[in-house]
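Every number here is computed from the coordinates shown, using simple stated rules; none is lab data. Given the structure is predicted, the values throughout are model-derived calculations rather than measurements. For neighbour counting, all protein chains shown are included, and Cβ atoms are generated from backbone atoms with ideal geometry for every residue, glycine included.
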Amino acid sequence: MNLEALLAARLAVALEAVAGEPVDPVVRASQHADFQSGAALALARRLGRPPREIAAEVAARADLEGLAEVAISGPGFLNLTVADEVLVSLLAEPDSPPPVGPARVVIDYSGPNVAKELHVGHLRSTIIGDALARLLSWAGHDVVRVNHLGDWGTQFGMLIEQMADLGGPAGELSLGDLTGFYQQARLKFDTDDDFRTRARLRVVALQSGDEPSRAMWQRLVDQSERHFVADYERLGITLGRGDFAGESSYQDQLASIVDELSGKGLIVESEGALCVFPAGFTGRDGEPLPLIVRKSDGGFGYAATDLAALRHRALDLKADQLLYVVGAPQSTHFRMLFAVGRDAGWLTRAMPEHIGFGSVLGPDGKMLRTRSGGTVKLADLLDEADARATSPAVGIGAIKYADLSSDRRSDYVFDWDRMLAATGNTGPYLQYAVARIRSVLARAAHAPGPVVLDDPAERRLALTLLGFQPAAAAAIEHREPHRLAVHLHEVAVAFSAFYEKCPILSSPSRLGLTARTGRTLRLGLDLLGIPVPERM
Ligand code: ARG
C-alpha cells in the first residue's frame, strides 16, 4: 500500500471541494512532519486569498480520521503526522508493486558487437537495462528482452577472411581473445592490399548467401554469443541465448522496408543513397539530416536494421512500449528513427523511448581507458573486482550499485575505492545491512513478533520502509533505477540508526521490524540485480 498516495487522495477531495476544481495535492515526505503538502499555498495564490485561511479550510474538510493528524505550519503548509496504528498495519503487508496497466514492453539493452568483447561502454546499457527489465516485470508488465547484437556489416568480410587464414571453421581458432582476433584482422585490413581485396569480396559472398562464408560467420556469432552469455552470468544479468535478435535477423526484411517507405513517399535518393529526411533534423551546416536506408553501394547499415527492428517490434510483437537503453551519443539517431517510424505509421500503438545514459569516466575525468589507452574490457574489470573485493558478490554488487545509484543521464566516475567503501551510498554498505540483519535474526532468542512503535528511531524506520512503493513507482515511471537505489540507502541508514539506538535481540517487536527491513532490502536489491552475499 502506498501511504503517500492514500494521503494525497484524501487531501485531493478536500482541495477540490475548496477550489471547485481538481488540484494537485503535492504530498511529499518532509523533515518537519511525516509528510507535507504545499497545495494550499498554490491554490491561495490562484484564488487571491490568504494561504493559511485556505490551508485551514482544506484541513477542516479533509477526511483523515484514524489516518493522520494535520497541522498548519509556516505560510500555509499542511503538515501530516500519520497515526502509529496505520504505520504498523501497513508494515504488516508485504511490499507490493505499484498498480500499473499491464503493457507489453520490448526493452533493447546490452547490444554488444560480435568479435569485440563486451567492454565498459556496453556495461551501463547492460546494467541499467537489466534493472529496468526486472522492475517492469515485477510491476506486472509483459517484458520482452532484446539483445540487438551487432552481427552484420562490412567488418565481417575481414573477420571471416582472418578466420579462413587461420584454418577455416573446422580449424583451431584463436577466438578466445575475441578482441585480439578483431585487432589482428583490422591490422591486416589496414596494411595488406591482398587481404583488403579478399575481405571486400568476402562481404559480397556472405551477403549473397555463400555457404562456406555463412558457416564461418555463424561460427563467429556463436562463439561471441557464448562469451557474452558467460559475462552475463557472471554479472547476474537476466539475458540469455534466447534473447539475441541480432542485426542479421532483419536481413530478409530490409528490401521490404525500402519498398514500404518509398510506397509512402518517404524515400529520397541522395548521392546514390536511399534516404529519409524526417522533418526538423538539420546538421551543423543547416542542411537536412538523412537517415540512410540503403547506402550508395547497395548495402544496408545500422539505420536500416533499426528501422526493420522498429517495425517488427511495433507491428509483429505488438509492443505498447519500446525501450532502447543506449548511450546518449546515439540520441539523434533514435529521435530520427522514431520520427520515421511515426511518418511510416508504425507507431500508432507503440510508444518509443530512448533511455540514454552518460559515459563511464576514469579518475582523471576523461573516458575510462586502460593504462595503455585502450578500451577497458569487461572481463578484466570483473577480474579486478574479484581481486579487490572480499567476494565476487561484493565486487559485482559494488560495480552495479555504483552505476545504478547515480542518475543515468550523468557521466559517472569509475572509482574502485569509492564504490567498494563500506560506508556511504555504496553496494557493500547495503549488502552489509542485509548481512547484519541476517546475523541479528540468527542470534535472536525470540521469534519476530508484531511491531510496536515506541522509539522515534523505530518510527523513522517504519516510515522510511513505507516509502518503498512510491520509490519503485518513480523508478519505473521515469526509467530511473537510482530512485529505488537512493531509497534503499535511506532504509539502510534508518536501520543503522535504529540498530545503534534500540536493543533488538530481546524484543519480538524490534525483531519483527528488523525482519521486515531485511525483506524490503532484499527485494529492492534483487530488483536492481545486486547480489546479496550470505555473510560479509
Ligand atoms: N551495437 C550497438 C553499439 O554497439 C548498440 C545497439 C543498440 N540497439 C539498437 N537497436 N540500435 O553501439
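General observations
- Lys, Arg +1 and Asp, Glu -1 on Cβ, resulting dipole of the range 251-396 about Cα centre, debye, nearest 20: 280 debye
- Around the Cα centre of the range 44-113, unit charges on the Cβ atoms of Lys, Arg, Asp and Glu (plus for the first two, minus for the last two) sum to a dipole of about 580 debye.
- For the range 378-387, putting each phi into the Karplus relation 6.51 cos²θ - 1.76 cosθ + 1.60 with θ = phi - 60° gives couplings of 4, 4, 5, 4, 5, 4, 5, 4, 4, 5 Hz, in residue order, rounded to whole numbers and with x for Gly and Pro.
- Label sites at residue 193 and residue 285, each approximated as a point 7 angstrom past Cα along Cα to Cβ, lie 3.2 nm apart.
- The listed peptides 149-158, 394-403, ordered by packing as a protection proxy, come out as 394-403, 149-158 (highest mean of other Cβ atoms within 10 Å first).
- Across the range 59-68, rounded Karplus estimates of 3J(HN,Hα) from the backbone phi angles (6.51 cos²θ - 1.76 cosθ + 1.60, θ = phi - 60°) give 4, 5, 7, 5, 8, 10, 3, x, 10, 7 Hz, Gly and Pro being marked x.
- Cβ-placed point charges (K, R +1; D, E -1), dipole of the chain about Cα centre in debye, nearest 20: 680 debye
- Put a dot 7 Å past the Cα of residue 331, heading toward its Cβ, do the same for residue 500, and the two dots end up 4.0 nm apart.
- The count of lysine pairs in the chain whose Cα atoms are under 27 Å apart, excluding pairs fewer than 8 places apart on the same chain, comes to 12.
- Shape category assigned to the chain from the gyration tensor of Cα positions, a/c cut at 1.5: oblate
- Counting only Cα atoms, the range 201-315 measures 47, 35, 31 Å along its principal axes, largest extent leading.
- Toward the positive end of the charge dipole of the chain, with +1 on the Cβ of Lys and Arg and -1 on the Cβ of Asp and Glu, the farthest Cα among 530, 7, 119 is that of 7.
- The chain: calculated mean residue ellipticity at 222 nm from DSSP helix runs of at least 4, using -39500 (n - 2.57): -16000 deg cm²/dmol
- The slack between residue 96 and residue 410, meaning 0.36 nm per residue of separation minus the straight C-alpha distance, is 110.1 nm.
- Point-to-point label distance, residue 390-residue 234, nm (Cα→Cβ direction, 7 Å offset): 2.3 nm
- Remark: 490, 271, 477 ranked as 271, 477, 490, counting other beta-carbon atoms within 10 Å and listing the fewest first.
- Positive contributions from Lys and Arg (+1) and negative ones from Asp and Glu (-1), summed over other residues with Cβ under 15 Å from the Cβ of residue 211, come out at +2.
- Dipole of the chain, positive end: most advanced residue of 482, 404, 422 [Cβ charges, Cα centre]: 422
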